[in-house]
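Following: one structure in structure tokens, then a few remarks.
The values are calculated or read from the model by the stated rules, or taken from the named source; none is laboratory data. What you are looking at is a predicted structure, and each value in this text was computed from that prediction instead of being measured. Here the Cβ is made from the backbone with ideal geometry for all residues, glycine too, and neighbour counts use every protein chain on show. The protein model used for the area step is the full one, side chains on, heavy atoms only, and it has no ligands, DNA or RNA in it. Shrake-Rupley method; radii C 1.70, N 1.55, O 1.52, S 1.80 Å.
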Amino acid sequence: MQMTLTRDEIKEITRKSWRCKQCEALRSMGIPFKTDEQGWPVVSRKAALACLEAANEDDQGTVRLDWLNG
């Protein structure tokens, strides 16, 4: 399992294709990230899971996060 999310996973989480929009979405979701040399967001899988699980608990929604675990 990779330590960072793939670009496809980031696209699925943010529902955005453009890197600048993905960064905006990640910021609004409170998911920490860095950008690579081309400006694409790089997200730690562990940090993404922690933030999304916390948001899921707050919302009491039915977001399935098991696909992030590989």
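Within the stretch 1-21, residues that are more than 13 Å from residue 31 (Cα to Cα) sit with their Cβ atoms under 7 Å from residues that are of a type in the set (Lys, Arg) and open to solvent by 50 Å² or more (accessible area, probe 1.4 Å), at 6+ positions apart or across chains, in these pairs: 17/11.
So is residue 53 in a helix (DSSP H, G or I), surrounded by 11 or more Cβ atoms within 10 Å (Cβ to Cβ) and modelled with pLDDT of 95 or more or not? Spelling it out, it is not the case that residue 53 is in a helix (DSSP H, G or I), surrounded by 11 or more Cβ atoms within 10 Å (Cβ to Cβ) and modelled with pLDDT of 95 or more. Out of 17, 28, one residue alone is open to solvent by 50 Å² or more (accessible area, probe 1.4 Å), outside any helix (DSSP H, G or I), modelled with pLDDT of 90 or more and of a type in the set (S, T, N, Q). It is 17. Applying the criterion of being free of Cβ contacts under 8 Å to residues at least 40 places away in the same chain and either in a strand (DSSP E or B) or closer than 22 Å to residue 56 by Cα (or both) to the residues of the stretch 31-44, the residue that is most open to solvent (accessible area, probe 1.4 Å) is 34. Under the condition of being more than 21 Å from residue 55 (Cα to Cα) and among the β-branched types (Val, Ile, Thr), the residues counted in the stretch 7-45 number 1.
Scanning the stretch 1-14 for residues that are within 16 Å of residue 36 (Cβ to Cβ) and in a loop (DSSP other than H, G, I, E, B) gives 2, 3, 5, 6.
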